[in-house]
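Presented below is the structure to which this report refers.
The values are calculated or read from the model by the stated rules, or taken from the named source; none is laboratory data. All values derive from a computational prediction rather than experimental measurement. Here the Cβ positions follow ideal geometry from the backbone for every residue, glycine too, while neighbour counts run over all protein chains shown. Just the protein is used for accessible areas: all its heavy atoms, side chains included, with ligands, DNA and RNA removed. Shrake-Rupley method; radii C 1.70, N 1.55, O 1.52, S 1.80 Å.
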Amino acid sequence: MTASDMQPATLIVVDHPLVVHYLTVLRDRRTEVREYRDASRRITRLLVAEAVADLPVAPVEIETPMEGGFMGGRLGKPTVLAPVLRAGVGMLDGALDVLGESSVGYVGLQRDPETVQPVGYYSKFPDLAGARVLVLEPMLATGGSLAKAVDLVKEAGGEDIVCLCMVTCPPGAETMARRHPDTPVLTAGHDRGLDPNSYILPGLGDMGDRLFGTPH
Ligand code: URA
């Protein structure tokens, strides 16, 4: 049985061929920063398209340059993007490519030195009432940070939340299923597990370091 066979119901692996293609670019240790950012942006566009595929379309009447009375459609629900600092910011441009009118909120988390649990050090959200909130957190390792980020989004009034990840693994997916069973997690890849330092295996290394060119 593979990790994917055991995934919780809240986890959705987006295995579009383009996602598989660009995720392989991210996994490859030889990929340089420019191509890395490009692949991350392309995958995020595809994940976002999937994350809003069930949203309602509101009818809107417009005129085309050729004639009036054309009944078109507009996205029938506002969207909010919520990247988790730092690596989640690497998914923001791709998400804005698709949802150019979204508001953006930010979540900053750090580890409490005594409890070793993630605690929020910064969060600023737009009005979340009635919106689909897309939480951007590329690596779902133990799941503690994403679960805490979703706690903060819910405390700020978010009710319709979807999380977008590049790579997940069973421990993180199980944490999310236990703490937020109402919140789907869309991922580009679901991997085998964690190393002793809680890095995902086979994974892609440290996403933030690779995106932002900081040494690991
Ligand atoms: N964060 C990363 O950037 N990579 C991992 O594998 C786990 C957490």
List every residue pair whose Cβ atoms lie under 9 Å apart, where the two residues are 6 or more positions apart in sequence or sit on different chains, the first residue falls within the stretch 201-214 and is more than 10 Å from ARG34 (Cα to Cα), and the second residue, located anywhere, is open to solvent by 60 Å² or more (accessible area, probe 1.4 Å) and within 6 Å of the ligand (Cβ to nearest atom). GLY205/TYR199; ASP206/TYR199
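A quick yes/no check of all residues on (1) more than 27 Å from HIS21 (Cβ to Cβ); (2) buried (at least 19 other Cβ atoms within 10 Å of the Cβ):
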site: LEU146; (1), (2): no, yes
site: ASP160; (1), (2): yes, no
site: THR168; (1), (2): no, yes
site: GLY172; (1), (2): no, yes
site: LEU186; (1), (2): no, yes
site: ARG192; (1), (2): no, no
Enumeration of residues in the stretch 81-90 that are surrounded by fewer than 24 Cβ atoms within 10 Å (Cβ to Cβ) and either in contact (Cβ under 8 Å) with a residue 60 or more places away in the chain or not in a strand (DSSP E or B) (or both): ARG86, ALA87, VAL89, GLY90
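Condition check ((1) basic (Lys, Arg); (2) at pLDDT 95 or above; (3) in contact with a Pro (Cβ under 7 Å, 6 or more places away or on another chain)) across all residues:
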site: THR168; (1), (2), (3): no, yes, no
site: GLY172; (1), (2), (3): no, yes, no
site: ARG179; (1), (2), (3): yes, yes, no
site: THR183; (1), (2), (3): no, yes, no
site: ALA188; (1), (2), (3): no, yes, no
site: GLY193; (1), (2), (3): no, yes, yes
Considering only the stretch 183-193, I want to know if a residue exists there that is more than 8 Å from the ligand (Cβ to nearest atom) and free of Cβ contacts under 8 Å to residues at least 12 places away in the same chain. no
Going through the stretch 136-190 in order, the residues found to be in contact with a helix residue (DSSP H, G or I) (Cβ under 6 Å, 6 or more places away or on another chain) and part of a loop (DSSP other than H, G, I, E, B) are GLU137, PRO138, ALA141, THR142, GLY143, HIS180, THR183
Looking only at residues in the stretch 128-144 that are open to solvent by less than 10 Å² (accessible area, probe 1.4 Å) and within 11 Å of the ligand (Cβ to nearest atom), which one is farthest from the chain's Cα centre (by Cα)? GLY143
